[in-house]
Amino acid sequence: MTTLRGLVADDLFKFNSIVLEEFVEGYGILFYLSKMTENPALCQAAVAPDGRLIGVLVGTHAVNKNEKIQSENGPDLHPTCGHISMLAVASDYRRLGLGTCLMGHFMEIVERYSDWYVDLFVRQSNVSAIQLYKSLGFVEYRFLPMYYIDENGFELRMPLSRDVERMSLKGFSTNVYYFAYQVILNLIKQCLEYLKDRLSWYD
Ligand SMILES: CC(C)(COP(=O)(O)OP(=O)(O)OC[C@H]1O[C@@H](n2cnc3c(N)ncnc32)[C@H](O)[C@@H]1OP(=O)(O)O)[C@@H](O)C(=O)NCCC(=O)NCCS
């Protein structure tokens, strides 16, 4: 039987076959270690009966200081949310419900924290992941042109039980500025890449 358990540092030496697959956003070892230390319960590993690591979810729980939501008791507050940094299932274990299971476990915990919503970023072309997230109730909160160096992305959000009025899905108006910021940032990145290429010709 497949089991879920907390991700441990040792797993980082075993999960290359999962995280080096297409569409998996990889990070440096310090990133994973900091997430595992901040919120151990939100970083999960799925393990096959033979002990092989077959799924990983790396998530966090944070206060979104860029947004405000009207609280149940009156004053506006910065909402707390769960954020998924990485979800990956080994290619030979896909379509068996493991992604859904890892997400379900994450949702259960952030519900217990009384978070307002869960969010994540996904590539526009990652149809299977978008399909999975939508089947769980996520919606396309905003479209992010050139969010990735080579591709557009989406921020997907799912309001949790605390957000009865789905207030976490409002706030779309700030996106215009975010789009402009992302476009300019990516243009600068591409110029720098181009310059780096040109300079390397003279090495
Ligand atoms: C996305 C991913 C995590 C899904 O994991 P999984 O264990 O196969 O997902 P599940 O078996 O729980 O699938 C649940 C639902 O998602 C959708 N889905 C999953 N894979 C799909 C695919 N290849 N094509 C279409 N829909 C798909 C289906 O609706 C599926 O339900 P169904 O099987 O009853 O039709 C996995 O494909 C993966 O690791 N991909 C590479 C990494 C990645 O894209 N991560 C997300 C980055 S944001």
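The values are calculated or read from the model by the stated rules, or taken from the named source; none is laboratory data. It should be emphasised that the depicted structure is a prediction, and the values quoted were computed from it without experimental measurement. When we count neighbours, we look across all protein chains shown, and the Cβ atoms used for this are built from the backbone with ideal geometry, even at glycine.
Which condition from (1) within 23 Å of P79 (Cβ to Cβ); (2) within 19 Å of the chain's Cα centre (by Cα); (3) outside any loop (DSSP other than H, G, I, E, B) is the one that D115 breaks?
(3)
Which one is farthest from the ligand (Cβ to nearest atom), of the residues in segment 67-79 that are surrounded by 11 or more Cβ atoms within 10 Å (Cβ to Cβ) and free of Cβ contacts under 8 Å to residues at least 40 places away in the same chain?
S71
Can you name the condition, by its number, that G82 falls short on among (1) exposed (fewer than 15 other Cβ atoms within 10 Å of the Cβ); (2) assigned to a strand (DSSP E or B)?
With respect to (1) exposed (fewer than 15 other Cβ atoms within 10 Å of the Cβ); (2) assigned to a strand (DSSP E or B), G82 is out only on (1).
So how many residues does segment 4-53 have that are modelled with pLDDT under 95, within 16 Å of the ligand (Cβ to nearest atom) and among the aliphatic types (A, V, I, L, M)?
The total comes to 4.
Can you list residue pairs whose Cβ atoms sit under 6 Å apart, with the first residue in segment 87-111 being within 16 Å of V24 (Cα to Cα) and the second being surrounded by 19 or more Cβ atoms within 10 Å (Cβ to Cβ) and polar (S, T, N, Q)? Count only pairs 6 or more apart in sequence or on different chains.
Matching pairs, first to second residue: L102/Q44.
If I filter segment 114-142 down to residues being within 17 Å of R162 (Cα to Cα) and crowded, with 16+ Cβ neighbours inside 10 Å, which single residue comes out as farthest from the ligand (Cβ to nearest atom)?
Among them, the one singled out is W116.
Could you give every pair whose Cβ atoms fall below 9 Å, whose first residue belongs to segment 12-25 and is acidic (D, E), and whose second residue is surrounded by fewer than 13 Cβ atoms within 10 Å (Cβ to Cβ), counting only separations of at least 6 or pairs across chains?
That search, which allows pairs on different chains as well, returns E21/S91.
Pick out the one residue from S161, S128 that is at pLDDT 95 or above and outside any loop (DSSP other than H, G, I, E, B).
One residue alone meets the criteria, S128.
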